[in-house]
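Read-outs throughout are calculated quantities, based only on the coordinates presented, and are distinct from any laboratory measurement. This structure is a prediction, so every number in the text was calculated from the model and none was measured. Quick reminder, even Gly has a Cβ in these numbers, built from the backbone with ideal geometry, and neighbours come from all protein chains shown.
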Amino acid sequence: MIFKKIKINKVILKNKITVSPMCQYSAIDGCPSDWHYKHLGKLNLSGAGLLMMESTAINNEGKITHSDLCLKNSKQEKSFKKLFNYLKKLNDTPIGIQLSHAGRKGSSFIPWIKSNTPLDKKNNLWQTFAPSALKKDKNWPIPKELNAKKMELIINDFKNTVRKAKNIGFDCIEIHMAHGYLLHQFLSPISNLRIDEYGGNLKNRFRFPLKIAKEVRKIWPKNKILGARITGTDHLKKGISINESILFVRELKKIGFDYVCVSSGGILTKTNLKFKKGFRVNLCKKIKKKTSIITRTSGLIKDIKYANKIIEKGSADLLAIGRSFINDPMLIYKGAKQMKIKNIIEPQYNRMFD
Ligand SMILES: Cc1cc2nc3c(=O)[nH]c(=O)nc-3n(C[C@H](O)[C@H](O)[C@H](O)COP(=O)(O)O)c2cc1C
């Protein structure tokens, strides 16, 4: 049942619904802005069991746009802490943060300024890095291939950000290994053509993301939640398949990850992905069945009754909902009413649903 609480380590989620991480491209020097207070404040009152903060870069090069959140220095840490305290004052919903490096998808315009467009010189483009010197799309620049020294720096930046997330008090961290960002770029044979120990066969392509996973595991407290967003498939003939994905998730589980959120697509602009209601549920179900790790699914889950069905059928343990919460912050309460579940909403709002 979707409204039954779930305990992961020492963290209790009051239901199985997560607010999906959603980049707002509204940070100032990597720090949360007033917009984040409004946006996350609203989502924190949605009644979800877990609030995931958007993809946050581990360093400047790892941003998607100049206006991404970044958690690298002490000024940023202080500013995140202030926002975190504000959200915790609103209620005690566990709060997670997603940590990422954009790799070759970085140095982009903010989508509402120019969608899927790399920055130009006038707009302070920066040199991007990736496993291989392969551009993500026709009009995109060629990234530089990462060398061993630079990869070591990225590992250190992940470690540094995880320490900061721990200091702030986040309940959960999620390493972004999907949507075509750097760690996904290592995993996918489409973006990784390396001939060293980080490319070629599966074991080699897994190596860099798993190295980071191991380091993160050493730092992140065992009583909190550690997860990853992964790709179930690239939706491309030559890309990652569900069977490869299962093998990767097994490795994450061995390292001690608590959950995976099964996403898909994003390694190239155009894939064979077809967007429809609950389009990733089956991928999630397969991964759950074959790995027994806690799984979360996402993608066009627009109503709570349907979401409950997914949980009841055992296709996923958790759900992430994104755009529907923006469209309707009262989604959960309305769903609870439909399902005749009582005592979900604060008493002040009880009569709003008569
Ligand atoms: C504006 C926007 C920003 C997003 N930013 C992120 C992000 O930071 N990290 C991430 O993993 N997914 C991101 N996504 C994907 C969502 O988390 C979610 O998986 C996707 O929107 C599908 O779920 P939905 O149909 O419930 O919105 C974003 C989606 C949108 C619409």
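Quick notes on this structure:
- Positive dipole terminus of region 6-353, leading residue within S33, F129, H179 (C-beta point charges): H179
- The trypsin sites (Lys or Arg not before Pro) of region 270-318 that DSSP puts in a loop, and whose beta carbon has at most 15 other beta carbons within 10 Å, are K270, K274, K276, K277, K302, K313.
- The helix-only estimate of mean residue ellipticity at 222 nm for the chain, built from DSSP H runs of length n ≥ 4 each weighted as -39500 (n - 2.57), is -10500 deg cm²/dmol after division by the residue total.
- Förster-model FRET efficiency, 22 Å R0, L300 and K42, C-beta, rounded to 0.05: 0.55
- Positive-end residue, region 6-353 charge dipole about Cα centroid, Cβ charges, pick of A165, N308, A320: N308
- Pairs of lysines in region 47-113 whose Cα atoms sit within less than 26 Å of one another amount to 17, provided the residues are eight or more positions apart or on different chains.
- Cross-link pairs exceeding 23 Å between alpha carbons, from the set K150/K238; K203/K274; K4/K211; K144/K211: K150/K238; K203/K274; K4/K211.
- Charge tally in the Cβ shell below 11 Å around G199, where Lys, Arg are +1 and Asp, Glu are -1, G199 excluded: +1
- Loop-located trypsin sites (Lys or Arg not before Pro) in region 119-202, at most 12 other Cβ atoms within 10 Å (DSSP): K138
- Across region 43-159, Cα pairs under 8 Å and at least six residues apart give a relative contact order of 25 percent.
- Of the chymotrypsin sites (Phe, Trp or Tyr not before Pro) in region 249-343, the ones in a loop by DSSP (not H, G, I, E or B) with at most 14 other beta carbons within 10 Å are F275.
- Helix 281-291 and the longest principal axis of the Cα set of the chain meet at an angle near 80°.
- Spatial offset of region 280-354 relative to region 1-77 amounts to 18 Å, using the alpha carbon center of each.
- For region 131-203, relative contact order (Cα pairs under 8 Å, six or more residues apart, normalised by length) works out to 31 percent.
- Charge dipole magnitude, Cβ of K and R +1, D and E -1 - the chain, Cα centre, debye nearest 20: 860
- Relative contact order (%) - the chain, alpha-carbon pairs under 8 angstrom, separation at least six: 16
- Region 179-299 shape via C-alpha gyration tensor axes, a/c threshold 1.5: oblate
- 0 to 90° range, to nearest 10: angle between helix 202-219 axis and the chain longest Cα axis: 60
- Using the Cβ-Cβ distance between N204 and N167 with R0 set to 35 Å, the FRET efficiency from 1/(1 + (r/R0)^6) comes to roughly 0.55.
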